[in-house]
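Below: the structure, in structure tokens.
The values are calculated or read from the model by the stated rules, or taken from the named source; none is laboratory data. This is a predicted model, so every value here is computed, not measured. Note that each Cβ is placed from the backbone with ideal geometry, even for glycine, and that neighbours are counted across all protein chains shown. Note: accessible area is taken over every heavy atom of the protein model, side chains too, but ligands, DNA and RNA are not part of it. Shrake-Rupley method; radii C 1.70, N 1.55, O 1.52, S 1.80 Å.
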Amino acid sequence: DDDIFARSEKSWVTVGKTSDFATNVGSPILVGDTQLAVFNNAKRGEWYCTQQACPHKQALVLSEGIIGDADGVEKVACPLHKKQFGLKDGAQIDGDLKLLTFPVKIEGDEVRVELPAEAELDAILGTSGLRVLKSDCIDIPGDAIKVPPRGAKVSNDFVDGQKELDELMKSQSGVIGGTSSNSTMSVEVK
């Protein structure tokens, strides 16, 4: 088995509500220090989750890729070099690269992804050393789906936990330039 997390203990983590994810495209999420891509293929009624980094050049862009079908295989095409990967198994179509994929299930209006412990996920896919903290052009972390930490007190939707998350992030690592309502929420996976 080529699943790097095959021996890991996993748990189902709520990463957002179905309404948080646009249809027929990918959305970036941040879980701990790991960027993932969630794909809502409403045309087929299917959901997928993969690593955000394309294994070809390690660019964090797969959520911006085009989803489609190649001979019955649901796929995403990297927007940079057009490498295509199956969304179910991560296998490259016409190549030998592979994405890490994670099971997704919908419970009510919650999108849940089965993930290993945060420390394990970050050890393999963590991106803190690669993250752009400030840019005049784009705010990828700020544009990512907001996912609350496990156990966070949120009221009606995930955005309500933003102040709590900002305080948590400030206490853990300090904040550059103060807090922002566009901060990316993290999920604590145990």
Problem - Equivalent ellipsoid dimensions for the stretch 8-104 as semi-axes, Å, which come from the Cα gyration tensor, largest first - result: 19, 16, 13
Completion exercise
Heavy-atom accessible area of the stretch 1-122 with neighbours in place, 1.4 angstrom probe: carbon+sulfur share in percent works out to 46 percent
Fill in the blank from the handout: Between Arg7 and Leu97, the two model label points (7 Å from Cα along the beta-carbon direction) sit apart by a distance in nm of 2.8 nm
Handout entry: Lys pairs under 17 Å by Cα in the stretch 1-129, provided they are eight or more residues apart or on distinct chains
Key = 15
